[in-house]
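Below is one structure, written out as structure tokens; comments come after it.
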Amino acid sequence: MHNALIQRIVARTRVWKQTLPIAAIGLAALLVGPGGCASAVEGTGDFTFSSRDYPAAFDATRDVLRDYRFTLERIDAEAGVISTTKELSPGLLEPWSPLQTGFGDEWEDTLNRQARQVRVTFAPEGEDGQTMRASVWVTLLRQHRAGRRLDSEWVGASTFAFDPQLKERHTATYFVPSRRDGALEARLARRIEAEMRDGVAETQVADTAGADMEESVLRRSAPSLARGALRRSLLCIEPLAQARGQPQQGNPKNTKDASRSNTPDGNG
């Protein structure tokens with residue numbers, strides 16, 4: 001009985017040694033504040049836009065996901081899908097990470113090994129097809145380890161069983177979906193929408209500048225084009241005038257017959 005009590009005390013001491021640094025980090029974060037983490041954003045992960053702006057929306061989504069350190073896994077403009085691989089979020093160990101929204105996410109990611117995965121879809125909105133809807137879906141994944149043995153009195157004293165065959169076939173750790181991250185969905189949607197509008201505005205400015213430049217070039221080249229057209233028309237008129245000034249050359253037989261017909265008796 002004494003040996004079991006000693007083992008239990010040793011196990012709890014080990015757990016406290018492991019959790020004490022994490023608790024110190026959490027206390028420091030409470031004293032300092034959220035730091036570099038983003039504030040919560042109201043709204044959802046959906047937004048609508050004109051169908052003609054779909055290229056700008058697709059490009060903006062790709063650029064924003066890369067800015068948030070996601071690795072793109074599928075880029076399918078025809079199907080209207082952009083998805084990423086899972087990106088780990090260390091929490092308070094990396095307060096500059098843009099994946100967390102608020103201190104709650106920072107603390108949760110610190111205590112648990114978690115990752116986030118994004119999927120953005122584009123689909124027509126309505127029957128006329130003039131509007132499209134973009135939907136941002138962020139899945140929070142949490143890592144689990146197989147063979148966990150819970151303690152009957154305290155969860156901190158739980159242990160893990162080791163299965164050599166499981167490790168040879170696969171790994172003992174795996175990620176499972178935990179919940180949706182609605183705050184990150186809203187932040188990504190607002191950022192993508194803003195980038196899309198900036199891209200559309202830049203395209204319109206470029207098109208307007210190109211049209212003005214083309215009009216200016218045509219205006220400057222109009223006199224020379226008119227002179228060239230006049231010169232070509234004169235070159236075409238001159239041969240025609242020369243041809244009209246020369247006598248017509250007909251058949252000799254027809255000419256002889258015509259001269260006979262001009263005599264009074266009709267004989268040559």
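Every number here is computed from the coordinates shown, using simple stated rules; none is lab data. Given the structure is predicted, the values throughout are model-derived calculations rather than measurements. Please note: Cβ atoms are built from the backbone with ideal geometry, for glycine as well, and neighbour counts cover all protein chains shown.
Some values worked out for this structure:
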| read-out | value |
| --- | --- |
| Projected label distance in nm at residue 119 and residue 201, using a 7 Å step from Cα toward the beta-carbon | 3.4 nm |
| Karplus-derived 3J(HN,Hα), 6.51/-1.76/1.60, for each residue of the stretch 105-118, Hz, glycine and proline x | 5, 4, 5, 5, 5, 6, 6, 10, 7, 10, 9, 10, 9, 10 |
| Neighbour-limited loop hits for trypsin sites (Lys or Arg not before Pro), the stretch 45-93 (at most 15 other Cβ within 10 Å; DSSP other than H, G, I, E, B) | 69 |
| Residues residue 94 and residue 149, FRET efficiency given R0 of 41 Å [Cβ-Cβ distance, rounded to 0.05] | 0.85 |
| FRET efficiency, 1/(1 + (r/R0)^6) with R0 41 Å, evaluated for residue 69 and residue 172 via beta carbons | 0.90 |
| FRET efficiency for residue 51 and residue 159, using Cβ-Cβ distance with R0 set to 51 Å, rounded to 0.05 | 0.35 |
